[in-house]
Amino acid sequence: MDIRKMQKVAVAALEDIKARDIEVFDVQHITSLFDRVIIATAESSRQTKALANNVREKLKAAGASIQGVEGEETGDWVLVDAGDIIVHIMQPATRQFYNLEELWGQAAPKKRASRKKSSAAAAAA
C-alpha cells in the first residue's frame with residue numbers, strides 16, 4: 001500500500017473521532033524501521049481507545065497490515081503499528097511529558113548568545 005494513502009487514511013480516522021493536534025512526521029531520514037510517525041491527542045482514555053480502534057479498522061479496510069497495538073489497557077498512550085506508519089494517540093499530560101515531537105520533528109535552531117557586550121554592559125564594566 002502506498003505510504004501517502006496510508007497516511008491519509010490514518011489521519012482521516014483520527015479526524016473522524018475528533019483527535020486534536022494531529023502531527024505527521026516523515027522520518028525516513030532518521031530511521032529505517034518506519035516512514036511516518038503520526039501523533040494525536042485524545043481527551044480521555046475512552047477516546048484514546050476509540051481512536052486507536054478506528055485507525056486500526058480503517059487501515060485494515062484500506063489494505064494495510066496492522067503489526068500490533070500497545071497501551072489499550074490503560075488508555076493514556078496507545079500505539080498502533082501499521083508497519084510503515086506508527087500512530088501515537090496520547091492524553092494531553094502524557095503527550096506533554098514525553099514530547100515526541102522533539103524526538104521525531106525538526107528541532108528549532110537554538111539562538112546563540114552574542115559574544116559582544118552591549119554598550120550598557122560595557123559601560124557598567
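The values are calculated or read from the model by the stated rules, or taken from the named source; none is laboratory data. Only a predicted model underlies this, so the values are computations on that prediction, with no experimental measurement involved. No Cβ is skipped: glycine too gets one built from the backbone with ideal geometry, and neighbour counts run over all protein chains shown.
Among the residues in the stretch 9-21, are any on the phi < 0 side of the Ramachandran plot, of a type in the set (A, V, I, L, M) and more than 16 Å from the chain's Cα centre (by Cα)?
We begin by selecting, within the stretch 9-21, every residue on the phi < 0 side of the Ramachandran plot; these are 9-17, 19-20.
Remaining after also requiring of a type in the set (A, V, I, L, M): 9-14, 17, 19.
Pick out the ones that are also more than 16 Å from the chain's Cα centre (by Cα) and you get 17.
Yes, the stretch 9-21 has at least one match.
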Practice item. Go over the candidates 31, 48 one by one and state the one that is of a type in the set (Ser, Thr, Tyr) and either surrounded by fewer than 13 Cβ atoms within 10 Å (Cβ to Cβ) or assigned to a strand (DSSP E or B) (or both). Key: 31
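Is it true that residue 96 is polar (S, T, N, Q) and at pLDDT 90 or above? So that I can check it myself, show each step before the final result.
Working: polar (S, T, N, Q): yes; at pLDDT 90 or above: yes.
Yes; evaluated as a whole, the condition is true for this residue.
Output yes when any residue across the stretch 104-113 is surrounded by 11 or more Cβ atoms within 10 Å (Cβ to Cβ), at pLDDT below 90 and part of a helix (DSSP H, G or I), and no when none is. Show your work before the answer.
Step one: filter the stretch 104-113 for residues surrounded by 11 or more Cβ atoms within 10 Å (Cβ to Cβ), giving 104-105.
With the extra rule that they be at pLDDT below 90, the set shrinks to 104-105.
Within this subset, residues satisfying the condition of being part of a helix (DSSP H, G or I) are 104.
Yes, that holds for at least one residue.
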Practice item. Within the stretch 72-90, identify whether any single residue is in a loop (DSSP other than H, G, I, E, B), out of contact with any strand residue (DSSP E or B) (no Cβ under 7 Å at 6 or more places or on another chain) and under 13 Å from residue 10 (Cα atoms), and answer yes or no. Key: yes
Review point. What residue, of 56, 20, is buried (at least 19 other Cβ atoms within 10 Å of the Cβ) and out of contact with any helix residue (DSSP H, G or I) (no Cβ under 6 Å at 6 or more places or on another chain)?
Key: 56
Point to revise | Residue check, residue 24 within 14 Å of residue 89 (Cβ to Cβ) and modelled with pLDDT under 95 | key: yes
**Study point:** Close pairs (6 angstrom Cβ cut-off, 6 or more residues apart or separate chains): crowded, with 16+ Cβ neighbours inside 10 Å in the stretch 60-76, of a type in the set (A, V, I, L, M) and assigned to a loop (DSSP other than H, G, I, E, B) anywhere
**Key:** 64/1; 64/82
